[in-house]
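To start, the structure under review is shown below, and the notes come after it.
Here, each number is a calculation from the coordinates, and none is a lab measurement. Given the structure is predicted, the values throughout are model-derived calculations rather than measurements. Here the Cβ is made from the backbone with ideal geometry for all residues, glycine too, and neighbour counts use every protein chain on show.
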Amino acid sequence: MGELDGQARAADVPTADPSVPLDPPVVGDRDAEFTAFATTAQAELGRMAWLLTGDVHLAAELVQTALVRTYTAWPRARAGDPLAYARRVLANARIDLWRRRRREVLVAPDDVPHQPSADEGATVEHRDELVRALAELSPQQRRVVVLRYLVGLSEREVADDLGVSAGTVKTQASRGLHRLRASMGELPGGSGD
């Protein structure tokens with residue numbers, strides 16, 4: 001009976017018509033195209049992830065998750081703007097991570113030392129001050145401020161990336177900047193808008 005089952009299963013499998021040539025899968029092209037994209041986008045995604053989390057290891061994990069999810073959906077992602085797709089995946093992965101943990105892992109702003117060590121430069125001091133100030137914002141304000149002012153996207157791009165209205169982006173950006181200014185004072189080199 002086992003032999004009959006094997007024959008029945010073999011008979012159920014459709015066979016290809018040998019006169020019709022099969023198209024080889026284009027996996028190699030997809031892999032090469034995605035690799036080129038990932039190589040160019042990794043630095044920007046890493047910066048965005050670090051600004052959203054304040055932790056270099058968590059940021060690297062988020063970038064890896066975003067790139068894996070973007071690769072899985074590569075045909076859909078490359079049809080539009082693959083970088084915008086990856087940024088949205090990264091922002092959503094950050095939300096997913098927060099929901100799983102149900103708490104922020106960032107250090108309380110009062111617990112972060114305000115004076116850098118003597119060998120650190122002014123750039124590091126400003127970056128630490130910025131991370132402390134970003135930690136005081138709500139998660140949505142932080143995402144909007146990071147995408148709008150630190151990544152440099154337009155209001156429409158931020159709205160599209162986060163799936164919210166342009167009015168929400170304007171409101172959250174305004175409130176976030178107000179809180180940042182109250183926390184940090186006026187940033188050197190411009191008005192911040």
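See the values below:
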item: For the stretch 159-169, Karplus couplings with θ = phi - 60° (6.51, -1.76, 1.60), whole Hz, Gly/Pro x; result: 4, 5, 4, 8, x, 10, 7, 5, x, 5, 4
item: Summed side-chain charge close to ALA49 - residues other than ALA49 whose Cβ falls under 14 Å, Lys, Arg +1, Asp, Glu -1; result: +2
item: Net lengthening on full extension, THR40/HIS126 (0.36 nm per residue, minus Cα-Cα); result: 28.3 nm
item: Cut-off 10 Å between beta-carbons: net charge of the residues surrounding SER138, Lys and Arg +1, Asp and Glu -1; result: +3
item: Approximate spin-label separation ASN92-GLN64, in nm, with each point projected 7 Å along Cα-to-Cβ; result: 2.1 nm
item: Rough spin-label spacing in nm, given labels placed 7 Å along Cα→Cβ, for HIS178 and LEU150; result: 2.2 nm
item: Mean Cβ neighbour count within 10 Å, used as a protection proxy, ranking 161-170, 139-148 highest first; result: 139-148, 161-170
